[in-house]
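Engineer: Below you'll find the structure I mean.
The values are calculated or read from the model by the stated rules, or taken from the named source; none is laboratory data. Quick caveat: nothing in here was measured; it's all calculated off a predicted structure. Note: ideal-geometry Cβ built from the backbone for every residue, glycine included; neighbour counts use all protein chains shown.
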Amino acid sequence: MCQKEVRTRYAPSPTGFVHIGNLRSALYEYLVAKANGGKFILRIEDTDQKRYVEGAVEVIYETLKTVGIKHDEGPDIGGEYGPYVQSQRKDTYLPYAKKLVESKKAYYCFCSEERLENLRVQAEEKKVQFKYDRHCLKLTDEEIKQKLNSNEPYVIRQLMPDTGKTVYSDAVYGDIVFDNEVLEDQILIKSDGYPTYNFANVIDDHLMKISHVVRGSEYITSTPKYVLLYQAFGWEPPIFVHLPLVVKQGGGKISKRSGDAYFSDLLNSGYLPEAIVNFIVLLGWSSGTEQEFFTLRELENIFDIKGISKSPSTYDTDKLRWMNGEYIRKKTLEEFVEIASPWIDKSVSSNFDKEKICSMIQKRVEVLDEIPLMISFLNQPEIIDIQLYENKKSKCDVNEAKRILPIIRDKIREMDIFNHDSIYQMFTVTAQELEVKNGLVMWPVRIALSGMLITPGGAVEIADILGKNETLKRIEEAIIQLEKENA
RNA sequence: GGCCCAUUGGUCAAGCGGUCAAGACAUCGCCCUCUCACGGCGGUAACAGGGGUUCGAGUCCCCUAUGGGUCACCA
């Protein structure tokens, strides 16, 4: 049995931004294809000239590349069914529309936008649903020819059935039924000669042999129009796979205003592409198992349309943050140094050993943009308040700090080798000599070095990063301050 | 407003007629611990409401409510 090849497409319009809803669609489209051994096609839908944005197509390539999605056919790599940019296929649509006109399934319409606007206003006053009144359907062939000859602007509209029902079976939502009477005679070709989105979509999907149309559920209500178009041409419709929407906290569509919903923003804040992909794929899809970490490659094998849910899901960054942290922790030190480096440079002198800094913060960072604030104390201690030395839990207090800090200072002065191990040893030996817990001697040192109550890492790690001289300097300063306070 | 879709804890979600209704994030507590974090252990927390069908309903049907989508010469 020769089964039909699965072909899906990502058909963005180049607006310059990819928000996570778009990205998720691309991801699902890609995965539906790959999980079925099929092809994934990229097609640029730029039939709206007014919305053209410079460089927007590059943003799309860049996004796909960084998430690791490779398309099999597309504008940049070509393919059997090109071109893959709709503006470059402009001439392919009109003949199809005319074919429909010949078979009386579509007709020319010369109505001005003013006239339509008037009808709309009237309909609103009467509180009825606006629907084109088929004014131009009554035109005789002569009249049409004459208007065409005198170059009157026109659109081509599809003649919709006004009785009966249109049914289609959605791979996610099941059978969906619409009354034909709610359908307006949709415009196929606009007066600028470009096809409308819906029309171009159908023509291209058919020509490019798209087997599964995967897209957001906002298209469910326009799907009957698609189906009717396929029927008018006598083509077999593709399988429709509608995806539940991703909504923002509190509900509503994700918009430009809803903050970090753009892929590029997420990257700039220090989210990892793998984490974003993992998080997003789980927003509306479940593997049915308890596994929650997936690589793209794994998903390519196990993704299944059956796991797509019907209800919209809220885009909530809590879990994304956690997942990003998990991905960061899974990195090797070398990998983490690599990705954390730019963030460290933003905050701290390059004299410090990045590897040491990284091993201190790796377990504590969830999103990379936390790094600068987390380590800025390395430049200089925050303002010291002697009350910081009071700590119930460790039983440390100002007096203990005064006693311990000079001892530590003297010990450090004598140290020839100053590294993580030797520092740790120095602390533990001191604690033994004083017959106190390790924590009691480390606590005031940590405060002296950082000027903070809460630090990433402990006294040992911080001293190791600061180095012997800086460590001594900060301890001495702290001692001076404590004495001043006494006087 | 018409039409379409959805509704399991705060969030993501499993469930596809019989379960004490999984798991994860968040939250809370304990342990580990020089603080924080990581890690470990545990707790709180849900089937929107009402009718049916059935021996039995989160699961099937109807109604209500709520949320969302859609009604363009935008995509």
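Engineer: Kindly list, by first and then second residue, each pair from a residue in the stretch A:185-196 that is of a type in the set (Ser, Thr, Tyr) to a residue that is more than 6 Å from RNA strand B (Cβ to nearest atom), limited to pairs with Cβ atoms under 6 Å and residues at least 6 apart or on different chains.
Structural biologist: Within 6 Å, the pairs are A:Ser191/A:Pro153.
Engineer: Could I ask something else about it? State the number of residues belonging to the stretch A:308-321 that are in a helix (DSSP H, G or I) and either touching a helix residue (DSSP H, G or I) at 6+ places or on another chain (Cβ under 9 Å) or surrounded by 13 or more Cβ atoms within 10 Å (Cβ to Cβ) (or both).
Structural biologist: So in the stretch A:308-321, the residues in a helix (DSSP H, G or I) come out as A:317-321.
Filter again for either touching a helix residue (DSSP H, G or I) at 6+ places or on another chain (Cβ under 9 Å) or surrounded by 13 or more Cβ atoms within 10 Å (Cβ to Cβ) (or both), leaving A:317, A:319-321.
Looking only at that region, the number is 4.
Engineer: Please specify each residue of the stretch A:64-115 satisfying the condition of being within 16 Å of RNA strand B (Cβ to nearest atom), surrounded by 14 or more Cβ atoms within 10 Å (Cβ to Cβ) and of a type in the set (S, T, N, Q).
Structural biologist: Result: A:Gln86, A:Ser87, A:Thr92.
Engineer: Same structure, new question: Only one of (1) out of contact with any helix residue (DSSP H, G or I) (no Cβ under 7 Å at 6 or more places or on another chain); (2) part of a loop (DSSP other than H, G, I, E, B); (3) away from RNA strand B (no atom under 14 Å from the Cβ) is not met by A:Lys393, so which one is it?
Structural biologist: Here A:Lys393 clears every test but (3).
Engineer: When the stretch A:147-159 is examined, which residues are found to be over 22 Å from A:Val213 (Cα atoms) and touching a residue at least 12 places away in the same chain (Cβ under 8 Å)?
Structural biologist: As a first pass, look at the stretch A:147-159 and keep what is over 22 Å from A:Val213 (Cα atoms): A:147-157, A:159.
Hits for the stretch A:147-159 are A:Lys147, A:Leu148, A:Glu152, A:Pro153, A:Tyr154, A:Val155, A:Ile156, A:Arg157, A:Leu159.
Engineer: With respect to the numbered conditions (1) farther than 24 Å from A:Asp353 by Cα; (2) in a helix (DSSP H, G or I); (3) within 15 Å of RNA strand B (Cβ to nearest atom); (4) among the aliphatic types (A, V, I, L, M), which one is the sole condition not fulfilled by A:Val436?
Structural biologist: (2)
Engineer: Scanning the stretch A:312-360 for residues that are within 16 Å of RNA strand B (Cβ to nearest atom), modelled with pLDDT of 95 or more and small (Gly, Ala, Ser), which turns out farthest from A:Glu29 (Cα to Cα)?
Structural biologist: So, considering only residues that are within 16 Å of RNA strand B (Cβ to nearest atom), modelled with pLDDT of 95 or more and small (Gly, Ala, Ser), the one farthest from A:Glu29 (Cα to Cα) is A:Ser359.
Engineer: Counting only residues that are near RNA strand B (Cβ under 8 Å from one of its atoms) and in a loop (DSSP other than H, G, I, E, B), which one in the stretch A:170-192 is surrounded by the fewest Cβ atoms within 10 Å (Cβ to Cβ)?
Structural biologist: Result: A:Asp192.
Engineer: Same structure, new question: Kindly list the number of the only condition in (1) crowded, with 16+ Cβ neighbours inside 10 Å; (2) of a type outside the set (S, T, N, Q); (3) under 25 Å from A:Met360 (Cα atoms) that fails for A:Gly284.
Structural biologist: That leaves (3) as the condition not met.
Engineer: Which residues, taken from the stretch A:146-161, are of a type outside the set (A, V, I, L, M) and either more than 41 Å from the chain's Cα centre (by Cα) or crowded, with 18+ Cβ neighbours inside 10 Å (or both)? Spell out the reasoning first.
Structural biologist: Step one: filter the stretch A:146-161 for residues of a type outside the set (A, V, I, L, M), giving A:146-147, A:149-154, A:157-158, A:161.
Within the stretch A:146-161, A:Gln146, A:Lys147, A:Asn149, A:Ser150, A:Asn151, A:Glu152, A:Pro153, A:Tyr154, A:Arg157, A:Gln158 qualify.
Engineer: Has the stretch A:419-431 got at least one residue that is more than 13 Å from RNA strand B (Cβ to nearest atom), assigned to a helix (DSSP H, G or I) and out of contact with any Asp or Glu (no Cβ under 6 Å at 6 or more places or on another chain)?
Structural biologist: There is at least one residue in the stretch A:419-431 that is more than 13 Å from RNA strand B (Cβ to nearest atom), assigned to a helix (DSSP H, G or I) and out of contact with any Asp or Glu (no Cβ under 6 Å at 6 or more places or on another chain).
Engineer: Kindly list, by first and then second residue, each pair from a residue in the stretch A:300-320 that is free of Cβ contacts under 8 Å to residues at least 24 places away in the same chain to a residue that is more than 6 Å from RNA strand B (Cβ to nearest atom) and part of a loop (DSSP other than H, G, I, E, B), limited to pairs with Cβ atoms under 7 Å and residues at least 6 apart or on different chains.
Structural biologist: Here the result reads A:Gly307/A:Ser287, each pair linking the stretch A:300-320 to a residue that is more than 6 Å from RNA strand B (Cβ to nearest atom) and part of a loop (DSSP other than H, G, I, E, B).
Engineer: While we're on this one: What are the pairs with Cβ atoms under 8 angstrom where one residue, in the stretch A:429-448, is more than 24 Å from A:Asp385 (Cα to Cα) and the other, located anywhere, is surrounded by fewer than 22 Cβ atoms within 10 Å (Cβ to Cβ) and of a type in the set (D, E, K, R)? Sequence gap at least six, or different chains.
Structural biologist: A:Thr430/A:Lys411; A:Ala431/A:Lys437
Engineer: Further, regarding this structure: Condition first: within 25 Å of the chain's Cα centre (by Cα) and part of a loop (DSSP other than H, G, I, E, B). Now tell me which residues in the stretch A:335-352 satisfy that.
Structural biologist: Listed by number, the list holds a single entry, A:Lys346.
Engineer: Inside the stretch A:162-211, can you point out the residues that are more than 32 Å from the chain's Cα centre (by Cα) and of a type in the set (S, T, N, Q)? Give the steps one after another, and end with the answer.
Structural biologist: Kept after step one, since they are more than 32 Å from the chain's Cα centre (by Cα), are these residues of the stretch A:162-211: A:162-167, A:177-193.
Result: A:Thr163, A:Thr166, A:Asn180, A:Gln186, A:Ser191.
Engineer: Another question, if that's okay. What number of residues within the stretch A:21-45 satisfy the criterion of being surrounded by fewer than 21 Cβ atoms within 10 Å (Cβ to Cβ) and more than 14 Å from A:Arg215 (Cβ to Cβ)?
Structural biologist: 4
Engineer: Let me ask something else. Sort out which residues of the stretch A:193-238 are part of a loop (DSSP other than H, G, I, E, B), more than 15 Å from A:Lys105 (Cβ to Cβ) and more than 10 Å from RNA strand B (Cβ to nearest atom), and write them in order of number.
Structural biologist: Answer for the stretch A:193-238, where residues must be part of a loop (DSSP other than H, G, I, E, B), more than 15 Å from A:Lys105 (Cβ to Cβ) and more than 10 Å from RNA strand B (Cβ to nearest atom): A:Met208, A:Lys209, A:Ile210, A:Ser211, A:Glu236, A:Pro237, A:Pro238.
Engineer: Consider only pairs whose beta carbons are under 9 Å apart and that are at least six residues apart or on different chains; among these, list those whose first residue lies in the stretch A:35-63 and is within 20 Å of A:Asn201 (Cβ to Cβ) and at pLDDT below 95 and whose second residue is among the basic types (Lys, Arg) and in a helix (DSSP H, G or I).
Structural biologist: A:Thr47/A:Lys90
Engineer: Residues being in a loop (DSSP other than H, G, I, E, B) and of a type in the set (Val, Ile, Thr): count how many of those fall in the stretch A:1-54.
Structural biologist: Number of matching residues: 5.
Engineer: Considering only the stretch A:407-421, how many residues are closer than 16 Å to A:Asn438 by Cα and loosely packed, with under 15 Cβ neighbours inside 10 Å?
Structural biologist: So the count comes out to 3.
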